[in-house]
Amino acid sequence: MTAQATTSVRFATDDEIARWDELIEQNPDGGIMTSARAMGEIKRYDRLEPRFLVVEGPQTVYALAHEGRVWLGRYWYIPLGPTCDDLEGMVAAMREFGARQPGLLAIKVEPHLLRTPERIARMEATGAIRSRDMQLLTHTVVLDLTRGDELIMDFQKKLRSSIRGAENKGYRVERIEAHDATEHDFERFYELLRTINGGKGVAAMREYAYYRLFWGEFAKTRNGRFYFGYDDDSDEAQAAIFVSLAGRTAVYKDGGSRPTRSIAGGAALLLWRAMQDAAADGRTAFDLCGTPRPDLMDDESHWYHGVGQFKKKFGPVVSYLPSFDIVLRGTRHRLWEHVVRRIEWRIKPGTDALR
């Protein structure tokens, strides 16, 4: 019997969904923000419904799919998953299970494995169709928290000096667990996001309601943490970051700062404190949540150039597998992709997750 024949997919039970954030830590990649139960609620904001799946085979994987509905059927998107060594068995099982779901046109998957030509070839050999990179976290900087305080020695020398300089000059760090944060904390964080880029805000910035929902859902599951930084004795923060703690990989999800500062290095110090705290909580990795892809890191015209230059000071950029579409109903899928979508989305714009 082949490995593919022993792999299957099913919907999670109510008990498994209730323990979801605990279970994703058992995934081969240890679990990450995109697999968290909170994300299922957050993506309802974009008219996507959560589907909690369990892939059972040589390795068990708890995978969160987001379901989008279009005129001709339904789509599933599984960000950074399902992740397992048996790519062939996973794709075959997803294809078989998906074909039994009424009206499901395709499943977009992106196993959270480092990108190599061999792995891409294996995915393509299954008949899955390569898609564009969907996630910001596809190209990113990931730090090994198991190195403890020695991790700082991997940072660029100037960054280490900047962090220590901020500490020596009395830069003040306030840590707030997301479940203890107030509406005022949410609002002042959002204002710091808006301060960036001459008042235009961070790249791809969304409205306050979305951030309020995002932070609030991770607060409910006690998997979020805010850090505010102060370079004087006032109560006005100079910088702030939000870190998600679901799974064994902590993720630096959001960050903002004011352009004027009396102490340099505050933002880097906030991240270093967040890494130390995450390690103390048992997290094994810290993802800086996205950079330009490696060949575009030095392209000054790239929309994420400045952020990428800052993040690469912490460590090298790594790339994970791109997205792949497992097409289940070819004729209807092609009709929607090439004809109907353009018409439908003129009337009701669709979510980026289905593109």
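The values are calculated or read from the model by the stated rules, or taken from the named source; none is laboratory data. Given the structure is predicted, the values throughout are model-derived calculations rather than measurements. As a convention, Cβ positions derive from the backbone with ideal geometry for all residues, glycine included, and neighbour counts pool all protein chains shown.
So in the stretch 33-68, with the set limited to residues that are in contact (Cβ under 8 Å) with a residue 12 or more places away in the chain and of a type in the set (Lys, Arg), which one is farthest from residue 21 (Cα to Cα)? Before the answer, list the steps.
Narrowing the stretch 33-68 to residues in contact (Cβ under 8 Å) with a residue 12 or more places away in the chain: 33-43, 45-68.
In the following step, the residues that additionally are of a type in the set (Lys, Arg) were identified as 37, 43, 47, 51.
On the way: 37: 6, 43: 16, 47: 22, 51: 14 Å.
Across the stretch 33-68, the extreme among qualifying residues is 47.
From the list 8, 35, which one is among the polar types (S, T, N, Q), crowded, with 24+ Cβ neighbours inside 10 Å and not assigned by TED's automatic domain parsing to the domain that holds residue 244? Let's see the steps before the verdict.
Numbers: 8 fails: crowded, with 24+ Cβ neighbours inside 10 Å.
That would be 35, the only listed residue that is among the polar types (S, T, N, Q), crowded, with 24+ Cβ neighbours inside 10 Å and not assigned by TED's automatic domain parsing to the domain that holds residue 244.
Which one is nearest to residue 323 (Cα to Cα) among residues in the stretch 94-118 that are crowded, with 24+ Cβ neighbours inside 10 Å and among the aliphatic types (A, V, I, L, M)?
Filtering the stretch 94-118 for residues that are crowded, with 24+ Cβ neighbours inside 10 Å and among the aliphatic types (A, V, I, L, M), the one nearest to residue 323 (Cα to Cα) comes out as 109.
Could you look through the stretch 228-273, keep only residues that are among the hydroxyl-bearing types (Ser, Thr, Tyr) and more than 26 Å from residue 80 (Cα to Cα), and pick out the one that is nearest to the chain's Cα centre (by Cα)?
Ranking the qualifying residues of the stretch 228-273, first place goes to 257.
Within the set of pairs 6 or more residues apart or between chains, which connect a residue that is among the polar types (S, T, N, Q) inside the stretch 238-249 to a residue that is buried (at least 24 other Cβ atoms within 10 Å of the Cβ) and not in a strand (DSSP E or B) with Cβ atoms less than 6 Å apart?
Here the result reads 238/266; 244/33; 244/218; 249/32, each pair linking the stretch 238-249 to a residue that is buried (at least 24 other Cβ atoms within 10 Å of the Cβ) and not in a strand (DSSP E or B).
If residue 242 meets every condition in (1) closer than 30 Å to residue 105 by Cα; (2) in a strand (DSSP E or B) apart from one, which number is that one?
That leaves (1) as the condition not met.
Looking at 255, 247, 290, 266 in this structure, which one is crowded, with 20+ Cβ neighbours inside 10 Å, within 20 Å of residue 138 (Cβ to Cβ) and touching an Asp or Glu at 6+ places or on another chain (Cβ under 7 Å)? Can you show your working first?
Details: 255 fails: touching an Asp or Glu at 6+ places or on another chain (Cβ under 7 Å); 290 fails: touching an Asp or Glu at 6+ places or on another chain (Cβ under 7 Å); 266 fails: within 20 Å of residue 138 (Cβ to Cβ).
Exactly one residue qualifies, and that residue is 247.
Can you say whether residue 224 is over 22 Å from residue 20 (Cα atoms), of a type in the set (Gly, Ala, Ser) and buried (at least 24 other Cβ atoms within 10 Å of the Cβ), as far as the supplied structure shows?
Details: over 22 Å from residue 20 (Cα atoms): no; of a type in the set (Gly, Ala, Ser): yes; buried (at least 24 other Cβ atoms within 10 Å of the Cβ): yes.
When the stated conditions are applied, residue 224 does not pass them.
Which residues, counting only those in the stretch 323-345, are among the small types (Gly, Ala, Ser) and part of a helix (DSSP H, G or I)? Step through it out loud before you land on a result.
Kept after step one, since they are among the small types (Gly, Ala, Ser), are these residues of the stretch 323-345: 323, 330.
Matches in the stretch 323-345: 330 only.
Taking the stretch 311-352 as the search range and keeping residues that are basic (Lys, Arg) and touching a Ser or Thr at 6+ places or on another chain (Cβ under 8 Å), which one is surrounded by the fewest Cβ atoms within 10 Å (Cβ to Cβ)?
First, the residues of the stretch 311-352 that are basic (Lys, Arg): 311-313, 329, 332, 334, 341-342, 346, 348.
Still in the running and touching a Ser or Thr at 6+ places or on another chain (Cβ under 8 Å): 311-312.
Details: 311: 21, 312: 19.
The residue in question is 312.
How many of the residues in the stretch 254-275 are assigned to a loop (DSSP other than H, G, I, E, B) and either closer than 14 Å to residue 289 by Cα or not polar (S, T, N, Q) (or both)?
Filtering the stretch 254-275 for residues assigned to a loop (DSSP other than H, G, I, E, B) gives 258-265.
Filter once more, so that each one left must be either closer than 14 Å to residue 289 by Cα or not polar (S, T, N, Q) (or both): 258-259, 261, 263-265.
Qualifying residue count, the stretch 254-275: 6.
Given the criterion among the hydrophobic types (A, V, I, L, M, F, W, C) and within 19 Å of residue 314 (Cβ to Cβ), identify the matching residue among 209, 219, 204, 250. So that I can check it myself, show each step before the final result.
Details: 209 fails: within 19 Å of residue 314 (Cβ to Cβ); 219 fails: within 19 Å of residue 314 (Cβ to Cβ); 204 fails: within 19 Å of residue 314 (Cβ to Cβ).
Answer to the selection: 250.
Exactly one of these conditions fails for residue 174: (1) within 21 Å of the chain's Cα centre (by Cα); (2) in a strand (DSSP E or B). Give me its number.
All conditions are met except number (1).
So which pairs qualify, if the first residue must be in the stretch 296-319 and under 14 Å from residue 139 (Cα atoms), the second must be among the charged types (D, E, K, R) and surrounded by fewer than 19 Cβ atoms within 10 Å (Cβ to Cβ), the Cβ gap must be under 6 Å, and the two must be at least 6 apart or on different chains?
315/154; 319/115
Please give the strands (runs of 3 or more DSSP E) falling wholly within the stretch 69-147 in which 2 or more residues are assigned by TED's automatic domain parsing to the domain that holds residue 253 and modelled with pLDDT of 95 or more.
Values: elements: 73-78, 104-109, 139-144.
The qualifying strands (runs of 3 or more DSSP E) are 139-144.
Does residue 29 satisfy the criteria of being part of a loop (DSSP other than H, G, I, E, B) and among the charged types (D, E, K, R)?
Numbers: part of a loop (DSSP other than H, G, I, E, B): yes; among the charged types (D, E, K, R): yes.
Answer is yes for this residue.
So how many residues does the stretch 283-304 have that are under 19 Å from the mean Cα position of the chain (by Cα) and assigned to a helix (DSSP H, G or I)? Spell out the reasoning first.
Quick first cut of the stretch 283-304, residues under 19 Å from the mean Cα position of the chain (by Cα) only: 283-294, 303-304.
From what's left, assigned to a helix (DSSP H, G or I): 294.
Residues meeting the conditions: 1.
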